[in-house]
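What follows is a set of notes on a single structure, which appears directly below.
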Amino acid sequence: MNNTGKITIGKHMMPLTDIPNEIMRGDKPEEACGIFGVYAPHSDVARLTYFGLFALQHRGQESAGICVSNGDQMACYAKMGLVNQVFNEQILGILRGYMATGHTRYSTTGSSVLANAQPILVEESRDLSVMGKRRKKTTSLAVAHNGNLVNTGDLRKQCTDLGLTLTTTSDSEIMARLLHHEYSKHENLTEAIKTMLPQFKGAFAMTIQTPNEIVAVRDVPGIRPMVAGYLGDNNDPDGWVVASETCALDIIGASHAFDVTPGSAVVLNETGISQFRWRNGEETEKLCAFEYIYFARPDSYFRGKSIHAIRQRMGEIMAREAPADADIIVSVPDSGTPHAIGFARASGIPYTEGLIKNRYVGRTFIDPRERLRALGVRMKLNPLEEVLRGQRVVLVDDSIVRGTTSKKIIQLLRDAGVTEVHFRVASPPVLNPCFYGIDTANQEELIASQYNNGGNDWSALAERLGADSLAYLSIEGMLEAFGHAENELCLACLNGSYPIPISSQTKLALNKYILEPDKERESGNGEVLTSDEELSAL
Ligand code: SF4
């Protein structure tokens with residue numbers, strides 16, 4: 001424990017980095033965190049946040065945390081693991097207050113260790129003399145961040161120049177320290193945000209919490225999502241909520257009010273909800289295309305559009321662009337299922353469940369050692385032989401990144417007696433890495449990049465994966481399904497056009513361990529936690 005933060009190192013985290021890659025990461029881009037915040041003085045805000053995080057679990061499974069404020073003090077609890085592993089009745093009972101923020105993490109800057117769990121609470125105490133008496137004054141601020149900065153090195157230097165000590169290896173802590181430094185000057189959060197946020201280059205949606213307010217902010221041009229809603233009656237709400245996705249509003253019975261616009265800050269405090277611009281001028285929102293393709297839960301809505309409906313439409317258009325002569329349509333569950341249903345609807349070929357997902361293979365229970373390595377994809381998917389044997393199959397997936405899992409799934413189908421596999425990927429090929437908070441793998445790992453010849457002939461990649469044919473959805477087809485113009489999305493990993501400028505030098509320098517040059521990993525981890533006394537005091 002120290003007076004500039006609330007980080008203690010304990011003893012009980014599993015070394016997640018030892019788990020075989022193929023089991024841990026599969027063949028999908030990995031999301032980079034879910035965020036939730038609620039201001040509701042008459043509610044159990046820790047429990048509401050717990051359920052909000054539960055709904056956002058798909059966005060990050062490495063750690064979870066909740067920070068509460070009661071107008072005077074703040075307390076934060078975070079730990080490695082899934083939301084329902086991190087929190088129990090006792091902890092939720094201790095986290096009392098009238099506002100809370102929460103975070104589920106997938107690491108994109110900094111190792112998957114407890115010290116990097118969020119929300120990150122920064123507290124600094126200094127002695128004051130008030131009417132001749134010495135008093136201790138504590139300034140507290142917590143940050144929960146989704147995204148990735150592209151000027152991390154410059155900001156780290158700024159911290160060093162200001163004498164700010166970094167105790168973690170995430171870009172999120174840099175933002176928290178710099179915001180706290182500015183905030184502690186006058187305790188004016190609005191001014192601190194207006195001063196600091198224009199200096200943060202990259203993708204970020206985050207909550208910034210003090211003892212008496214929560215401010216949710218979104219980057220320009222709005223690559224990472226953030227929505228706002230209310231509890232109770234629209235005319236007289238019981239509280240206000242912000243979250244990465246609308247599904248986190250639904251789970252606590254909140255209603256969607258609006259999507260936070262890029263460059264805006266939404267303030268939740270005793271006066272209700274208000275907004276201000278931290279950056280002048282309007283910019284076209286460029287939400288990450290992969291939110292629509294894969295990341296967001298199908299029951300979420302962005303910009304008024306149903307994710308589920310969009311994914312089905314992608315499948316329909318895929319069937320139009322690359323039809324196949326086959327007996328059944330099978331999806332790679334669960335994320336490929338809406339696309340497969342759309343493909344079936346448009347093609348007239350019946351959709352059938354052919355691969356059964358083992359939904360309860362949690363990371364916690366995966367033995368990282370050699371014994372389970374050989375099981376690979378079978379741990380996640382089991383083929384239904386009686387459905388598949390002798391069939392010509394269209395296998396539909398939402399996306400592929402490295403191709404490793406796709407090859408194994410196709411082999412599973414072959415082993416189950418499938419006679420032909422026509423692989424249809426209902427999104428465009430991932431050709432470039434992401435620098436905005438999504439772990440899409442390095443350029444050399446992107447399998448489509450290795451086989452890209454600038455056209456639509458993917459026969460060499462089909463052969464590598466063991467498929468009889470392979471086709472991707474075109475960018476035009478995807479835009480048609482989204483109902484958005486090209487300039488209304490980030491498409492960088494698909495078309496190489498990065499909406500936040502990033503130099504080739506920075507591209508080379510940026511990686512998950514930019515703040516860990518020696519890639520030193522903590523193996524004995526603990527929990528980010530205020531002391532029991534402080535928790536109880538709330
Ligand atoms: Fe999303 Fe790709 Fe843009 Fe990254 S590069 S934000 S994954 S669309």
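The values are calculated or read from the model by the stated rules, or taken from the named source; none is laboratory data. Just so it is clear, the structure is predicted and the values come from calculations on it, not from any experiment. Glycine also receives a Cβ, built like all others from the backbone with ideal geometry; neighbour counts cover every protein chain displayed.
Which one of these does GLY496 not meet: (1) surrounded by 18 or more Cβ atoms within 10 Å (Cβ to Cβ); (2) near the ligand (Cβ under 10 Å from one of its atoms)?
(1)
Name the residues in the stretch 254-302 that are away from the ligand (no atom under 16 Å from the Cβ), assigned to a strand (DSSP E or B) and within 30 Å of VAL425 (Cα to Cα), would you?
Within the stretch 254-302, ASP259, TYR301 meet the criteria.
Test of understanding: among GLU486, GLU445, which residue is within 16 Å of the ligand (Cβ to nearest atom), within 29 Å of LYS201 (Cα to Cα) and at pLDDT below 95? First the steps, then the outcome.
Values: GLU486 fails: at pLDDT below 95.
Sole residue among the options that is within 16 Å of the ligand (Cβ to nearest atom), within 29 Å of LYS201 (Cα to Cα) and at pLDDT below 95: GLU445.
So PHE204 passes all but one of these: (1) aromatic (Phe, Trp, Tyr); (2) within 16 Å of the ligand (Cβ to nearest atom); (3) in contact with a Ser or Thr (Cβ under 7 Å, 6 or more places away or on another chain). Which condition number does it fail?
(3) is the only condition that PHE204 fails.
Considering only strands (runs of 3 or more DSSP E) fully contained in the stretch 57-128, which possess at least 3 residues that are small (Gly, Ala, Ser) and crowded, with 24+ Cβ neighbours inside 10 Å? Let's see the steps before the verdict.
Numbers: elements: 63-69, 74-80, 99-105.
Answer list for the stretch 57-128: 63-69.
Output the number of the condition that TYR436 fails; it satisfies all remaining conditions of (1) among the aromatic types (Phe, Trp, Tyr); (2) surrounded by fewer than 22 Cβ atoms within 10 Å (Cβ to Cβ); (3) within 12 Å of the ligand (Cβ to nearest atom).
For TYR436, the failing item is (2).
Of all the residues that make up the stretch 226-251, how many are out of contact with any Phe, Trp or Tyr (no Cβ under 6 Å at 6 or more places or on another chain), in a loop (DSSP other than H, G, I, E, B) and either crowded, with 19+ Cβ neighbours inside 10 Å or among the aromatic types (Phe, Trp, Tyr) (or both)?
Looking only at the stretch 226-251, we keep the residues that are out of contact with any Phe, Trp or Tyr (no Cβ under 6 Å at 6 or more places or on another chain), and these are 226-227, 229, 231-236, 238, 241-242, 244-245, 247, 249-250.
Narrowing the set further to residues that are in a loop (DSSP other than H, G, I, E, B) leaves 226, 234-235, 244-245.
Retained after the next criterion (residues that are either crowded, with 19+ Cβ neighbours inside 10 Å or among the aromatic types (Phe, Trp, Tyr) (or both)): 226, 244-245.
The qualifying residues number 3.
When the residues of the stretch 20-47 are filtered to those that are under 26 Å from VAL242 (Cβ atoms) and of a type in the set (Gly, Ala, Ser), which remaining residue is modelled with the lowest pLDDT?
Restricting to residues being under 26 Å from VAL242 (Cβ atoms) and of a type in the set (Gly, Ala, Ser), the top hit is ALA32.
Please go through the stretch 438-459 and give me each residue that is farther than 18 Å from SER474 by Cα, out of contact with any strand residue (DSSP E or B) (no Cβ under 8 Å at 6 or more places or on another chain) and among the aliphatic types (A, V, I, L, M), ordered by number.
If the condition is that a residue be farther than 18 Å from SER474 by Cα, out of contact with any strand residue (DSSP E or B) (no Cβ under 8 Å at 6 or more places or on another chain) and among the aliphatic types (A, V, I, L, M), then ALA441 is the only one that fits.
Can you tell me which residue in the stretch 210-225 is nearest to ASN280 (Cα to Cα), limited to those that are part of a strand (DSSP E or B) and out of contact with any helix residue (DSSP H, G or I) (no Cβ under 8 Å at 6 or more places or on another chain)? Full working, then the answer.
Taking the stretch 210-225 and keeping what is part of a strand (DSSP E or B), we get 214-218.
Add one more test, that the residue is out of contact with any helix residue (DSSP H, G or I) (no Cβ under 8 Å at 6 or more places or on another chain), and what stays is 214, 216, 218.
On the way: ILE214: 21, ALA216: 17, ARG218: 13 Å.
Applying the filter and picking the extreme gives ARG218.
Checking TYR451 against (1) more than 20 Å from SER331 (Cβ to Cβ); (2) within 12 Å of the ligand (Cβ to nearest atom): exactly one of these is not met. Which one?
(2)
Do any residues in the stretch 279-307 that are closer than 17 Å to GLY60 by Cα have Cβ atoms under 8 Å from those of residues that are of a type in the set (Phe, Trp, Tyr) and part of a loop (DSSP other than H, G, I, E, B), where the two are at least six apart or on different chains, and which pairs are they?
From residues that are closer than 17 Å to GLY60 by Cα, the pairs are CYS288/TYR436.
Filter the stretch 459-474 for residues that are assigned to a helix (DSSP H, G or I) and more than 31 Å from the chain's Cα centre (by Cα) and give the result.
Step one: filter the stretch 459-474 for residues assigned to a helix (DSSP H, G or I), giving 459-465.
Scanning the stretch 459-474 gives SER459, ALA460, GLU463.
Every residue in the stretch 167-209 that is of a type in the set (Asp, Glu) and in a helix (DSSP H, G or I), please. Walk me through it before giving the result.
Step one: filter the stretch 167-209 for residues of a type in the set (Asp, Glu), giving 171, 173, 182, 187, 191.
Of everything in the stretch 167-209, those that are of a type in the set (Asp, Glu) and in a helix (DSSP H, G or I) turn out to be ASP171, GLU173, GLU182, GLU191.
Being crowded, with 21+ Cβ neighbours inside 10 Å, of a type in the set (A, V, I, L, M, F, W, C) and within 23 Å of ILE317 (Cβ to Cβ) is the filter here, so list the residues in the stretch 411-433 that pass it.
VAL421, PHE423, VAL425, ALA426, VAL430
Condition (residue is at pLDDT below 75, at negative phi and of a type in the set (Asp, Glu)) applied to the stretch 523-531: is it met by at least one residue? Working first, answer last.
Let us first name the residues in the stretch 523-531 that are at pLDDT below 75, namely 523-531.
If we keep only those that are at negative phi as well, we get 523-531.
In the following step, the residues that additionally are of a type in the set (Asp, Glu) were identified as 527.
Checking the stretch 523-531: at least one residue is at pLDDT below 75, at negative phi and of a type in the set (Asp, Glu).
Report the residue count in the stretch 133-166 for those that are surrounded by fewer than 20 Cβ atoms within 10 Å (Cβ to Cβ), part of a strand (DSSP E or B) and of a type outside the set (D, E, K, R).
The total comes to 2.
Could you figure out which of (1) surrounded by fewer than 23 Cβ atoms within 10 Å (Cβ to Cβ); (2) within 21 Å of TYR39 (Cα to Cα); (3) of a type outside the set (Ser, Thr, Tyr) isn't true of ALA254?
(1) is the only condition that ALA254 fails.
Where residues in the stretch 426-442 are within 16 Å of the chain's Cα centre (by Cα) and hydrophobic (A, V, I, L, M, F, W, C), which of them is modelled with the lowest pLDDT?
ALA441
Quick check on my filter: what residues within the stretch 414-433 are within 13 Å of the ligand (Cβ to nearest atom) and not hydroxyl-bearing (Ser, Thr, Tyr)?
Looking only at the stretch 414-433, we keep the residues that are within 13 Å of the ligand (Cβ to nearest atom), and these are 427-433.
If the condition is that a residue be within 13 Å of the ligand (Cβ to nearest atom) and not hydroxyl-bearing (Ser, Thr, Tyr), then PRO428, PRO429, VAL430, LEU431, ASN432, PRO433 are the ones that fit.
Scan the stretch 170-202 residue by residue and report those that are in contact with a Gly (Cβ under 9 Å, 6 or more places away or on another chain), surrounded by 24 or more Cβ atoms within 10 Å (Cβ to Cβ) and not small (Gly, Ala, Ser).
Within the stretch 170-202, ASP171, GLU173, ARG177 qualify.
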